Amino acid sequence: MIAPGEEYVLTRAASPQFAKPITVRVIRERTDRRTYHGWTWIEAYQLDGRGDATERRELYVMPAGLIRARPTPARDDRVRPDATPPPGSRVGLGSAVPPASRVRHDPTPPPASRVGSGPAVPSAGGVESGPTGTPVGVPTRRVPGR
């Protein structure tokens with residue numbers, strides 16, 4: 001069984017496709033797929049030289065050929081669940097939300113618009129008309145002198 005979160009170096013011992021070795025961090029082993037004896041499918045993140053994930057991949061490997069990688073040293077710029085924010089930082093305090101004193105609230109509703117203020121009613125000519133009797137979707141224009 002391949003443990004999630006473990007890092008491995010994949011070489012030709014794991015599969016012929018890895019002529020150039022790569023390092024991966026396992027997401028999970030795909031036990032729902034049938035394979036040949038001694039082979040398995042894994043979902044993993046391919047890692048760069050710094051240990052950062054660069055690509056998500058599904059790989060067909062021989063678990064006996066996986067080489068456990070040395071754990072990458074923890075860096076200060078990585079987010080760790082056990083890390084506490086530095087004193088005075090606003091991380092996790094909802095800093096993206098403005099304070100209530102800066103939020104404007106106007107209790108009066110906006111003025112009602114005549115456009116679309118009532119249901120469309122079919123007229124005798126087959127053209128829908130709004131609550132004022134004007135056809136819906138037909139532009140109106142004032143003619144001078146009328």
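Observations, loosely collected:
- Every residue from segment 1-43 that is of a type in the set (Gly, Ala, Ser) and in contact (Cβ under 8 Å) with a residue 24 or more places away in the chain: 13, 14, 15, 38
- Restricting attention to segment 14-73 and to residues that are assigned to a loop (DSSP other than H, G, I, E, B) and under 14 Å from residue 3 (Cβ atoms), the residue that is modelled with the highest pLDDT turns out to be 66.
The values are calculated or read from the model by the stated rules, or taken from the named source; none is laboratory data. What you are looking at is a predicted structure, and each value in this text was computed from that prediction instead of being measured. Note: ideal-geometry Cβ built from the backbone for every residue, glycine included; neighbour counts use all protein chains shown.
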